[in-house]
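As structure tokens, the structure follows; a few thoughts come after it.
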Amino acid sequence: MIKDYYQVLRVDRDASPEEIKKAYRSQAKDCHPDANGGDRQKEDRFKEINEAYQVLGDSETKRRYDFLCQSVRAAGTTGPIDIEVELGAFLRTLFEHGLRGLGGGCRGRGFGGRGCGRRF
């Protein structure tokens, strides 16, 4: 199942970057392992909060995450999602289409002279 990082950070889907950062800092401070004397639940929560902020705190990663979630909802998925299958499809799409504008592969001879017709 895809984690709802907005729910993890307890912010709305339309939260501003500043609101996301504020929520992250507040919760990370409360759950930081150094402040909780080895409380395993707090440590696990801290890791979850960090994971959510890694995605939502970066505008490009957040955009991709939102696109993935929107795509899954649009497909009519109502139950749990097999994250490995969904993530695999997402990454394939990203690498097949999303990275073309970054200057790799299909200009000239591409990756070490192999040309752009090669599939990895």
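Remarks
- Mean sequence separation of contacting Cα pairs (under 8 Å, at least six apart), scaled by the length of region 1-74, corresponds to a relative contact order of 32 percent.
- Local electrostatic count, Gln41, Cβ distance below 15 Å [Lys/Arg +1, Asp/Glu -1]: -1
- For region 8-75, projected area of the alpha-carbon convex hull averaged over all directions, nm²: 4.8
Computed from the coordinates by the stated procedures, all read-outs in this text should not be read as laboratory data. Quick caveat: nothing in here was measured; it's all calculated off a predicted structure. Backbone-built Cβ (ideal geometry, glycine too); neighbour counts: all protein chains shown.
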